[in-house]
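The structure under discussion appears below in the form of structure tokens.
The values are calculated or read from the model by the stated rules, or taken from the named source; none is laboratory data. Predicted, not measured: the structure shown is a model, and the values here were computed from it. Cβ: placed from backbone, ideal geometry, glycine included. Neighbour counts: every protein chain shown.
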Amino acid sequence: MKQDQDLSETRPLSRRFGLLSAFLAAVLLCALAVLVWWAVQRIDGMTQAEQSRALTSGLMLEQTSLVTEQRRATTLDAAVLNLRANDQSWIAENLAERMSEFYDLDRVYVVAPDGAVIRAANQGQFAGTQLDPRDLVAVEAMLAETQAGLAAASATMSNLADTVSDLGHADLARLQDNSLAFISVQPVLGKSGVATVRPGTEYFHVSLRVLNDRLLASLAERYRLADLKIAVRSSNSAALALRNSMGHQLGYLTWTPNRPALTLLRATAPATIAILCLVAAALVGLLGWLRRAASQLEASRAETSFLAFHDPLTGLANRVLFQANLEEALGYQYLAATKVALISIDIDRFKEVNDTLGHAAGDQLLQQVAKRFALALSEGATLTRLAGDEFAIVQPGIVSDGHARWLCQSILQSLKEPFALTGGSVHVTGSFGVALEPGSAVTSQEMLRRADVALYAAKAAGRNCFEIYTPEMDRLRREKRMLEVELRDALITGVGLFLVYQPIFDAASGEIAGAEALVRWMHPTRGYLSPDHFVAIAEETGVIDQLGLWVLDEASRFAVGSGLPRIAVNVSPLQFLDDQFVDRVLHTIARRGLNAAALELEITEGLLLKNSEQVQRALVQLREAGVRIALDDFGTGYSSISYLRSYNVDKLKIDQSFTRTMVHDEATQTIVRSVIQMAHALGMSVTAEGVEEDAQRQILRDLGCNGLQGYLLSRPLTGEALIELLANGHPDRAPARTPTAVSVAVGD
Ligand code: C2E
Ligand code: MG
Ligand code: MG
């Protein structure tokens with residue numbers, strides 16, 4: 001069944017939102033991690049560069065201090081003189097052992113102008129007159145370099161001491177044992193010119209400080225460098241290239257760099273991770289909340305959209321969706337060469353269920369009916385609840401009238417089983433109106449109208465059935481509508497409507513006990529119309545209240561004027577729906593001066609069956625005012641003794657169908673007998689209607705029937721004819737005793 005077609009498009013908003021949020025959160029976290037890592041690297045890189053710079057200046061300081069210490073000892077005239085004098089003890093005390101010890105120099109050499117070592121010291125100890133084999137190559141090379149430098153300088157000056165400052169040479173060098181050392185070679189030049197040193201006569205002082213573990217340890221401590229050592233090549237850790245003055249790389253100083261940021265990161269890692277987890281959890285919570293909010297929004301959007309196109313009670317398509325589907329079906333049928341059936345359905349007796357079992361049960365019934373209908377339908381059908389108990393179905397693809405009938409029959413059939421509701425189980429039936437059209441011919445509005453016309457015909461045909469629309473139905477409706485207008489007109493102008501009176505005779509005495517007022521309409525163009533024809537129209541159109549009062553008024557006027565002992569007036573059950581009904585009746589007869597006891601209202605069993613409080617109250621009020629109540633056409637309806645007792649009516653009128661068959665049918669006669677007995681037992685009188693034969697009159701008299709009414713005794717008469725009859729006496733004595741004798745009868 002085509003129920004859920006939605007005219008609006010829905011997308012999984014929350015899903016898209018969720019994915020987008022998760023992606024954004026991931027990107028955010030990654031960006032944060034990259035940023036932190038970048039900052040850590042940068043801070044640690046800066047720290048390492050700072051350490052490198054400090055170490056570089058530390059090394060330079062080592063080299064410069066070596067030179068400064070040497071100059072302090074060699075820029076002395078005494079040094080020149082004592083060297084020339086080869087005063088070994090002075091040399092030991094001032095330039096060799098003592099100096100080596102004092103300045104913590106690894107090795108010291110005092111070299112004569114000819115290059116011979118005149119005294120060597122090794123870590124404060126005398127070490128002979130030779131270069132240590134480890135130092136040999138490096139020291140000799142530097143001595144040669146210094147001598148060459150001096151020779152060049154001496155070309156321009158006679159006393160080298162004058163420009164003493166830059167004639168020495170200091171550098172970093174690799175020794176024979178592969179260790180590295182700062183070596184400084186300084187010429188001993190004196191100071192004040194007392195001891196003149198001519199070029200080529202200079203003594204040299206060589207200081208040598210090895211980059212050994214001790215020195216490294218002191219550098220490491222001074223500059224807070226961990227694992228400082230000399231390496232041939234750089235490793236992953238921090239490294240500083242060691243080059244001599246020529247720029248040759250001699251090795252590396254490596255150390256484990258300080259990484260304060262990383263250390264901080266590590267130290268704070270658990271807390272950071274915990275915070276990140278919390279942030280992530282908060283983020284996830286927030287996203288979850290947003291997602292839920294989004295899905296709630298989505299759900300409410302879907303619900304709004306569902307409600308826009310569906311009936312909240314049954315979940316069926318509503319009028320808007322139904323109309324859209326109907327139009328679509330009609331458009332499609334145009335091509336499909338089949339017909340579209342539009343079935344308009346009314347649940348019979350729905351109001352009764354609502355009134356007796358309550359609205360909740362009424363709602364349950366509608367829901368269950370909707371389910372059963374849905375099951376009975378085939379693919380492509382749209383079922384809707386238009387309002388209250390009105391359902392409608394669009395079924396495309398109908399191939400013939402027979403197909404449509406079969407469909408209606410199966411839907412009717414689905415109602416057959418009782419419905420279990422709170423408060424009891426009920427049986428309901430339905431009335432169906434069907435419009436069956438090939439799509440192109442009519443609009444959806446016209447289809448709906450035709451289905452309603454057919455539904456109206458189904459209701460008129462007694463409900464629990466279906467009718468297929470025919471143009472004849474429209475004609476009948478138009479005619480009814482015209483009659484309604486004309487009837488209203490007649491009630492206003494008083495032209496055409498009149499009453500006839502059928503006398504009711506006392507069965508025992510034959511006297512006229514009263515008369516029943518029967519309405520007639522002499523229509524200007526259609527001629528005489530029977531009440532069977534137009535009373536129903538008056539009931540359908542609501543004109544019945546006006547008509548009923550008009551009849552009562554006219555009948556009262558006649559009764560008072562004619563001196564009739566009792567006047568009976570027929571009342572439609574619909575008149576009782578007016579809560580002013582009793583007042584209107586009493587007011588009307590009072591206005592005409594009719595005694596309430598002279599009025600008998602004929603009601604039908606259908607009214608009593610309604611069992612409504614309003615009806616009961618009205619009947620009690622009327623009887624208390626003195627008005628008699630007669631139950632008309634008794635035996636044709638649901639005749640139940642229990643409601644007769646509870647309503648306690650004054651009279652039963654046995655329907656003419658009983659009177660007719662009674663003579664030849666024992667069973668009917670038995671029923672009539674027991675009805676009369678029962679009525680008498682309940683204190684009611686009985687009148688038999690439709691007495692046409694003498695045999696009927698005889699039997700009814702014998703059974704104890706109180707009143708007789710029928711053509712045998714008198715047809716309905718005009719007012720004047722009845723007055724004449726009253727004057728002449730009862731039919732047993734008067735000429736109007738046979739039907740032919742009362743020839744003034746009108747309308748039968
Ligand atoms: P009813 O109240 O049962 O009226 C009796 C009907 O039986 C009358 O038909 C009457 O002419 C007819 N009739 C009487 N004796 C005989 C007989 O021996 N044989 C046959 N075959 N028929 C007999 P009428 O006047 O056509 O009325 C038909 C129904 O229309 C009435 O049935 C009543 O229900 C209704 N009706 C008539 N006048 C009024 C009225 O003013 N108000 C309302 N609400 N209904 C009325
Ligand atoms: Mg009647
Ligand atoms: Mg009757």
In region 265-283, anything without any contact (Cβ under 8 Å) to a residue 40 or more places away in the chain and of a type in the set (A, V, I, L, M, F, W, C) is listed as Ala267, Ala269, Ala271, Ile273, Ala274, Ile275, Cys277, Leu278, Val279, Ala281, Ala282
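Residues to consider are Ala598, Ala667, Ala630; find the one that is under 23 Å from Val551 (Cβ atoms) and away from ligand 2 (no atom under 16 Å from the Cβ).
None of the others qualify; the one that does is Ala598.
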Just to be sure before I move on: is Leu599 among the aliphatic types (A, V, I, L, M), within 15 Å of ligand 1 (Cβ to nearest atom) and either within 54 Å of the chain's Cα centre (by Cα) or surrounded by 16 or more Cβ atoms within 10 Å (Cβ to Cβ) (or both) in the structure I sent? yes
The lone exception for Glu540 - which of (1) away from ligand 3 (no atom under 16 Å from the Cβ); (2) farther than 29 Å from Val453 by Cβ; (3) among the acidic types (Asp, Glu) it fails: (2)
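Is it fair to say Asp532 is within 16 Å of ligand 3 (Cβ to nearest atom) and in a helix (DSSP H, G or I)? Write out each step before concluding.
Values: within 16 Å of ligand 3 (Cβ to nearest atom): yes; in a helix (DSSP H, G or I): yes.
Taking the combined requirement at face value, the residue satisfies it.
Of the residues Ser556, Ser612, only one is touching a strand residue (DSSP E or B) at 6+ places or on another chain (Cβ under 9 Å) and away from ligand 2 (no atom under 16 Å from the Cβ); which?
Numbers: Ser612 fails: touching a strand residue (DSSP E or B) at 6+ places or on another chain (Cβ under 9 Å).
So the residue among Ser556, Ser612 that is touching a strand residue (DSSP E or B) at 6+ places or on another chain (Cβ under 9 Å) and away from ligand 2 (no atom under 16 Å from the Cβ) is Ser556.
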When you go through Ala457, Ala490, Ala536 one by one, which is the residue that is closer than 30 Å to Ser344 by Cβ and out of contact with any helix residue (DSSP H, G or I) (no Cβ under 8 Å at 6 or more places or on another chain)? Ala536
Give me the residue from region 234-293 that is at pLDDT 80 or above and of a type in the set (Ser, Thr, Tyr) and, out of that set, farthest from Gly45 (Cα to Cα). Ser245
Can you confirm whether Arg463 is touching a residue at least 12 places away in the same chain (Cβ under 8 Å) and not in a helix (DSSP H, G or I)? yes
Which condition does Ala381 not pass, out of (1) more than 17 Å from Leu415 (Cα to Cα); (2) crowded, with 22+ Cβ neighbours inside 10 Å; (3) over 27 Å from the mean Cα position of the chain (by Cα), if it passes all the others? (3)
Given the condition assigned to a helix (DSSP H, G or I), in contact with a helix residue (DSSP H, G or I) (Cβ under 7 Å, 6 or more places away or on another chain) and either at pLDDT 90 or above or away from ligand 3 (no atom under 16 Å from the Cβ) (or both), answer yes or no: does some residue in region 562-569 qualify? yes
Taking region 628-678 and keeping only residues that are more than 24 Å from Arg617 (Cβ to Cβ), within 16 Å of ligand 3 (Cβ to nearest atom) and over 60 Å from the mean Cα position of the chain (by Cα), one is left with Ile654, Asp655, Gln656, Ser657, Phe658, Thr659, Arg660, Thr661, Met662, Val672, Val675
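Out of all the residues in region 506-526, which are surrounded by fewer than 18 Cβ atoms within 10 Å (Cβ to Cβ) and either within 16 Å of ligand 3 (Cβ to nearest atom) or over 18 Å from Thr493 (Cβ atoms) (or both)? Please lay out each step first, then the result.
Going through region 506-526, the residues surrounded by fewer than 18 Cβ atoms within 10 Å (Cβ to Cβ) turn out to be 506, 508-509, 511, 522-526.
Once the filter is applied, which keeps residues that are surrounded by fewer than 18 Cβ atoms within 10 Å (Cβ to Cβ) and either within 16 Å of ligand 3 (Cβ to nearest atom) or over 18 Å from Thr493 (Cβ atoms) (or both), region 506-526 yields Asp506, Ala508, Ser509, Glu511.
For the condition out of contact with any Gly (no Cβ under 6 Å at 6 or more places or on another chain), part of a helix (DSSP H, G or I) and either over 30 Å from Ala360 (Cβ atoms) or acidic (Asp, Glu) (or both), what is the one hit in Thr304, Thr263, Thr254? Before the answer, list the steps.
Numbers: Thr304 fails: either over 30 Å from Ala360 (Cβ atoms) or acidic (Asp, Glu) (or both); Thr254 fails: part of a helix (DSSP H, G or I).
None of the other options fit; the residue is Thr263.
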Taking region 117-154 and keeping residues more than 14 Å from Gln88 (Cα to Cα), small (Gly, Ala, Ser) and surrounded by fewer than 17 Cβ atoms within 10 Å (Cβ to Cβ) leaves Ala141, Ala144, Ala148, Gly149, Ala151, Ala152, Ala153
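To keep it simple, each residue is scored yes or no on (1) touching a strand residue (DSSP E or B) at 6+ places or on another chain (Cβ under 9 Å); (2) farther than 25 Å from Ala173 by Cα; (3) not basic (Lys, Arg).
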{"residue": "Arg53", "(1), (2), (3)": "no, no, no"}
{"residue": "Thr64", "(1), (2), (3)": "yes, no, yes"}
{"residue": "Val67", "(1), (2), (3)": "yes, no, yes"}
{"residue": "Thr74", "(1), (2), (3)": "yes, no, yes"}
{"residue": "Ala79", "(1), (2), (3)": "yes, yes, yes"}
{"residue": "Asp87", "(1), (2), (3)": "no, yes, yes"}
{"residue": "Phe102", "(1), (2), (3)": "no, no, yes"}
{"residue": "Ala120", "(1), (2), (3)": "yes, no, yes"}
Starting from residues that are hydrophobic (A, V, I, L, M, F, W, C) and either more than 15 Å from ligand 3 (Cβ to nearest atom) or within 60 Å of the chain's Cα centre (by Cα) (or both), keep the ones in region 681-699 and report whichever is surrounded by the fewest Cβ atoms within 10 Å (Cβ to Cβ). Ala681
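Only strands (runs of 3 or more DSSP E) wholly contained in region 167-244 count here; list those with 3 or more residues that are of a type outside the set (Asp, Glu) and closer than 17 Å to Thr146 by Cα.
Values: elements: 169-174, 180-188, 203-210, 226-231, 238-243.
Because the criterion is at least 3 residues that are of a type outside the set (Asp, Glu) and closer than 17 Å to Thr146 by Cα, the strands (runs of 3 or more DSSP E) in region 167-244 that meet it are 169-174, 180-188, 203-210.
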Read through the list (1) assigned to a helix (DSSP H, G or I); (2) hydrophobic (A, V, I, L, M, F, W, C); (3) touching a residue at least 12 places away in the same chain (Cβ under 8 Å), then give the number of the only condition that Phe391 fails. (1)
Extreme residue, modelled with the highest pLDDT, among residues of region 409-443 that are closer than 14 Å to Lys339 by Cα and surrounded by fewer than 21 Cβ atoms within 10 Å (Cβ to Cβ): Thr443
Of all residues in region 539-551, which are more than 8 Å from ligand 1 (Cβ to nearest atom), closer than 12 Å to Arg488 by Cβ and within 56 Å of the chain's Cα centre (by Cα)? Thr541, Gly542, Val543, Asp545, Gln546
